[in-house]
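Asks: Sharing a structure, written as structure tokens. Questions coming.
The values are calculated or read from the model by the stated rules, or taken from the named source; none is laboratory data. Remember, predicted model here, so these are calculated numbers, not experimental data. Glycine also receives a Cβ, built like all others from the backbone with ideal geometry; neighbour counts cover every protein chain displayed. Quick note on the areas: whole protein, heavy atoms, side chains included, nothing else; ligands and nucleic acids left out. Shrake-Rupley method; radii C 1.70, N 1.55, O 1.52, S 1.80 Å.
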Amino acid sequence: MATSSAFALAAGCAVTGAAWAVRGRSSSVFGPSVWRGDSNRKSIALTFDDGPSASTPQFLDLLATYRVPATFFQVGSNVLRHPDIARAVVAAGHELGNHSHSHLNFALKPASLIERDFTRSQEVIHTETGAKPVLVRAPFGVRWFGFRRMQARLGLTGVMWTVIGLDWKLPAQAIADRVLSHATPGGIICLHDGRGTEENPDVTPTLEAVRRIVPSLMEAGYHFESVSQLLCQKT
Ligand SMILES: [Zn+2]
């Protein structure tokens, strides 16, 4: 619909002449979604899903070392488990996105359940951190009927990715190789600082991969931005 946030984004970006807007597959059915920024700018966005976890502060330390911003798509139930860590992510200057409350696969689920779940996480994230997400990423990248209405009601733009690290199953070097070989101007990198709603996930391979990815991309001349910056939502 014309009032979708994706259209609003496109209008805002038109002012600067940026041609970032690419809508994801099936977006006309499941709601507006973007998966990359302007390919004419050598900018790239790091995104982390499934946090916060007890290991998230290690990611914050690493990103601070390189002065690199990222976007964390947090799970509402994980925010309730680690509200202090969720706040620390915001305090460090990173962007938060909504990654649902319960991290379900929402395929085949009723629209009312989808709306309830994302509304809950939106409220939890806002209450616990003070941040109000404008971005949403579906768990497992699976969108379904109901996403369009949920996104419209909550004012959320769907965000996919240009490369996903498969970091829940690959060793660090393989994650880094995969991400670096698919890095592209305007790209969005999907990694994970948690594992679904697991209480004590081992995210060491991801952390080690980030330690290799960030300096390599900096050396290659990339500039890191939050997803909103990449999509021209912020100036
Ligand atoms: Zn996830």
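Asks: How much of the accessible area of the range 107-226, probe 1.4 Å, is carbon plus sulfur, in whole percent?
Replies: After summing per-atom areas, the C and S share lands at 53 percent.
Asks: Amide H neighbours of V136 under 5 Å, at least 5 residues apart or on other chains, H built in the peptide plane: list them.
Replies: N98, T157, G158, V159
Asks: What is the sum of charges, Lys and Arg at +1 and Asp and Glu at -1, for the other residues whose Cβ falls under 10 Å from the Cβ of T197?
Replies: That sum, taken over residues with Cβ under 10 Å, equals -1.
Asks: Taking the Cβ-Cβ separation of L108 and R81 as r and a Förster radius of 30 Å, what is the calculated FRET efficiency to the nearest 0.05?
Replies: Computed FRET efficiency for L108 and R81 comes out at 0.65.
Asks: Right, here's the next one. Compute the separation of the alpha-carbon centres of the range 135-214 and the range 64-132 and state it in Å as a whole number.
Replies: Measuring centre to centre over Cα atoms gives 13 Å.
Asks: To continue, here is another question. What translational diffusion coefficient, in µm²/s and rounded to a whole number, does the Stokes-Einstein relation yield for the chain at 37 °C and a viscosity of 0.692 mPa s, taking the hydrodynamic radius as the Kirkwood radius over Cα pairs? Can you show the working numbers first?
Replies: Working: Rh = 17.4 Å.
In µm²/s, the coefficient is 188.
Asks: Continuing with this model, one more query. In nm, to one decimal, how far is the T127 label point from the V29 one, both placed 7 Å along Cα→Cβ?
Replies: 3.5 nm
Asks: With +1 on each Lys and Arg Cβ and -1 on each Asp and Glu Cβ, and nothing else charged, work out how big the dipole of the range 23-220 is about its Cα centre, in Debye to the nearest 20.
Replies: Details: 22 positive and 18 negative charges, 170 e Å.
The calculation lands at about 820 debye.
Asks: Under 16 Å Cα-Cα from K42, which aspartates and glutamates qualify once same-chain neighbours fewer than 8 residues away are excluded?
Replies: Qualifying aspartates and glutamates at Cα under 16 Å: E219, E225.
Asks: Counting only heavy atoms of the protein chains, get the accessible area per residue of the chain (1.4 Å probe) and round it to a whole Å² value. Kindly include the intermediate steps, with their values, before the conclusion.
Replies: Numbers: 9970 Å² over 235 residues.
I get 42 Å² per residue for this part.
Asks: While we're looking at this one, here's another question. Tell me, what is the percent relative contact order of the chain, built from C-alpha pairs under 8 Å that lie six or more residues apart?
Replies: Numbers: 508 pairs, mean separation 71.4, N = 235.
30 percent.
Asks: Still on this structure, I have one more. Using R₀ = 25 Å, calculate the FRET efficiency as 1/(1 + (r/R₀)^6) where r is the Cβ-Cβ separation of H182 and A88; round to 0.05.
Replies: Details: r = 30 Å, r/R0 = 1.18.
For H182 and A88, the calculated efficiency is 0.25.
Asks: Could you tell me which of S121, V68, A54 has its Cα farthest along the dipole of the chain towards the positive end, charges placed at Cβ (Lys, Arg +1; Asp, Glu -1), taken about the Cα centre?
Replies: Going by the charge dipole, the pick is S121.
Asks: Starting from the Cα of T65, move 7 Å in the Cα-to-Cβ direction to define the label point; list residues of the range 195-235 whose amide nitrogen is under 15 Å from there.
Replies: 204-219
Asks: Quickly estimate the mean residue ellipticity at 222 nm for the chain, helices only: each DSSP H run with n ≥ 4 gives -39500 (n - 2.57), and the total goes over all residues, rounded to 500.
Replies: -12500 deg cm²/dmol
Asks: If r is the Cβ-Cβ distance from R153 to A54 and R0 is 35 Å, what FRET efficiency results, to the nearest 0.05?
Replies: 0.60
Asks: Given DSSP loops and a limit of at most 13 other Cβ atoms within 10 Å, what is the longest stretch of the chain that contains no such trypsin sites (Lys or Arg not before Pro)?
Replies: 68-168
Asks: Could I ask something else about it? Put +1 on the Cβ of each Lys and Arg and -1 on the Cβ of each Asp and Glu in the chain; which of L156, L80, H192 then has its Cα farthest toward the positive end of the dipole?
Replies: L156
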